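Q: Have a look at this one.
We did not get these values from a lab; they are worked out from the coordinates using the rules stated. This structure is a prediction, so every number in the text was calculated from the model and none was measured. Cβ sites come from the backbone with ideal geometry, for glycine too, and all protein chains shown count toward neighbours.
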Amino acid sequence: MIELRKLKAAANISTPILNKILLQKLQKLIKSGEKIAMLTCYDATFAKLMELAGVDILLVGDSLGMVLQGAENTLNVSMHHMTYHTKMVKNGAPNTLIMADMPIGSYEQDNEAAYKNALWLIKSGAHMVKFEGGGKRVETARYLVENGISVCAHLGFTPQSVNQLGGYKIQGKTEESAEQILNDAIAMSDAGVSFVLLEMVPAVLAKKITESIKTPTIGIGAGVDCSGQVLVLQDLLGIYTGSASKKPSEFKCPRFAKNFLRETNSVQQAVENYVLAVKNASFPAFEHSY
Ligand code: KIV
């Protein structure tokens, strides 16, 4: 990362070139078998801490609706919220790859609207955007990629569809739904996405997908065989206890979450331990997987 900072300062490298350099560096790491450690991040202080801790990708997730705003789900997050937090993260971590979520309503209507909103996130400091779903979304991904925007496809449990999915449930448990997720991952990979994120799917399915596509996978509740892992920062710190309206005692921590702060009294060390645990594949363990 230090070399990149020097490079950028010396040559005044523009964002698209830096984007390419960061992506190529990550692709090299993945090819060499190294796991990618990603974390959600919403502000400059944590972004700086995470950059120093060696987190490979910072995700400005629309989970901010839950962990920052106190809502039950991500359905009220707007483009203004996303661009505001993306700018903060960029300020804190100018040399780390930043992925920003496209909030609900910002990419479904048509490809041009999706492009416009994706570009707004890029101009706010993101190197890549992420959006949820397969099927019709494959064409949106292809359109963005063809127009120079790097994309991560989010498959499996898709939080913006929490109501249609009937709650926070594991996806891909039946043969039919597992095949659907695999086919979506293949189609997204063929469309040129840079990553496929798999949330809350059986570990065996995530392994099969990772082995079947050329695109690296990032898992959350998807077992240890993905190319990388992501966790929500507040879950890593063990400080999220549900929406503002609920009592902490009513909150059931998701199986895939691990409190890394419990083993140390330093936030910086907790993040470093997470990075290390992802890299040496000790996280996620069997008890964090489905
Ligand atoms: O918004 C988010 O934090 C996410 C993670 C759950 C992967 O999409």
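Q: Length gain on complete extension for the stretch T45 to L75, per 0.36 nm per residue less the alpha carbon to alpha carbon distance?
A: Working: separation 30, 0.36 × 30 = 10.80 nm, distance 2.59 nm.
Contour length minus Cα-Cα distance gives 8.2 nm.
Q: For the pairs K116/K246; K90/K208; K48/K208; K25/K116, note any where the Cα-Cα span goes beyond 31 Å.
A: On the way: K116/K246 36 Å; K90/K208 34 Å; K48/K208 35 Å; K25/K116 27 Å.
Pairs exceeding 31 Å: K116/K246; K90/K208; K48/K208.
Q: Now, a different point. Give K169/K279; K35/K169; K28/K207; K28/K258; K35/K123; K20/K87 a once-over and call out the pairs whose C-alpha atoms are over 22 Å from each other.
A: Numbers: K169/K279 27 Å; K35/K169 26 Å; K28/K207 20 Å; K28/K258 28 Å; K35/K123 28 Å; K20/K87 19 Å.
Those over the limit are K169/K279; K35/K169; K28/K258; K35/K123.
Q: Okay, moving on. Rounded, prolate or oblate for the range 162-290? Axes are the square roots of the Cα gyration tensor eigenvalues, ordered a ≥ b ≥ c, and the cut-off for rounded is a/c under 1.5.
A: Numbers: a/c = 2.26, a/b = 1.38, b/c = 1.63.
It comes out oblate by the Cα gyration axes.
Q: Follow-up question, since we're still on this one. Pop a pseudo-label 7 angstrom from the Cα along the beta-carbon direction at both S243 and E287 and give the gap in nm to one decimal.
A: 3.0
Q: Work out the charge dipole of the chain with +1 on the Cβ of Lys and Arg and -1 on the Cβ of Asp and Glu about the Cα centre, then indicate which of Y274, A185, L119 is farthest towards its positive end.
A: Y274
Q: How much FRET efficiency would the formula 1/(1 + (r/R0)^6) give for K173 and S212, where r is the Cβ-Cβ distance and R0 is 30 Å, rounded to 0.05? Don't skip to the answer; put the middle values down first.
A: Details: r = 18 Å, r/R0 = 0.62.
Efficiency, rounded to the nearest 0.05: 0.95.
Q: Taking neighbour counts of Cβ atoms within 10 Å as a proxy for exposure, in what order, fewest first, do E211, E72, E272 appear?
A: Working: E211 9, E72 14, E272 20.
So the residues, fewest neighbours to most, are E211, E72, E272.
Q: State which helices in the chain qualify, where a helix is a whole DSSP H run, it must extend 27 Å or more along its own axis by its Cα atoms, and its mean Kyte-Doolittle hydropathy must be at least 1.6.
A: none
Q: By the gyration tensor of its Cα atoms, with a ≥ b ≥ c the square roots of the eigenvalues, what is the shape of the chain: rounded for a/c under 1.5, prolate for a/b over b/c, or oblate? It would help to have the intermediate numbers written out before the result.
A: On the way: a/c = 1.22, a/b = 1.06, b/c = 1.15.
Note, shape of the chain comes out rounded.
Q: Okay, next question. Would you mind calculating the relative contact order of the chain from Cα pairs under 8 angstrom and at least 6 residues apart, reporting the percent as a whole number? Don't skip to the end; give the middle numbers.
A: Working: 566 pairs, mean separation 49.2, N = 290.
Over the chain, the number comes to 17 percent.
Q: Let me ask you something else. In debye, nearest 20: dipole of the range 2-288 around its Cα centre with unit charges on the Cβ of K, R (+) and D, E (-)? Display every interim value, and only then the final one.
A: Values: 29 positive and 27 negative charges, 155 e Å.
Rounded to the nearest 20 debye, it is 740 debye.
Q: How do V60, V267 rank when sorted from fewest to most other Cβ atoms within 10 Å of their own Cβ?
A: Going from least to most buried by this count: V267, V60.
Q: Counting pairs of Cα atoms in the range 61-217, how many percent are more than 27 Å apart?
A: 21
Q: Considering only G61, L197, H85, whose Cα is most displaced toward the positive end of the charge dipole of the chain, charges sitting on Cβ of Lys, Arg (+1) and Asp, Glu (-1)?
A: The Cα lying farthest towards the positive end belongs to H85.
Q: 222 nm [θ] for the chain, helices only, -39500 (n - 2.57) per DSSP H run of 4+, per residue, to 500? If you can, show how the numbers build up before the last one.
A: Numbers: 11 runs with 121 residues, N = 290.
Calculated mean residue ellipticity at 222 nm is -12500 deg cm²/dmol.
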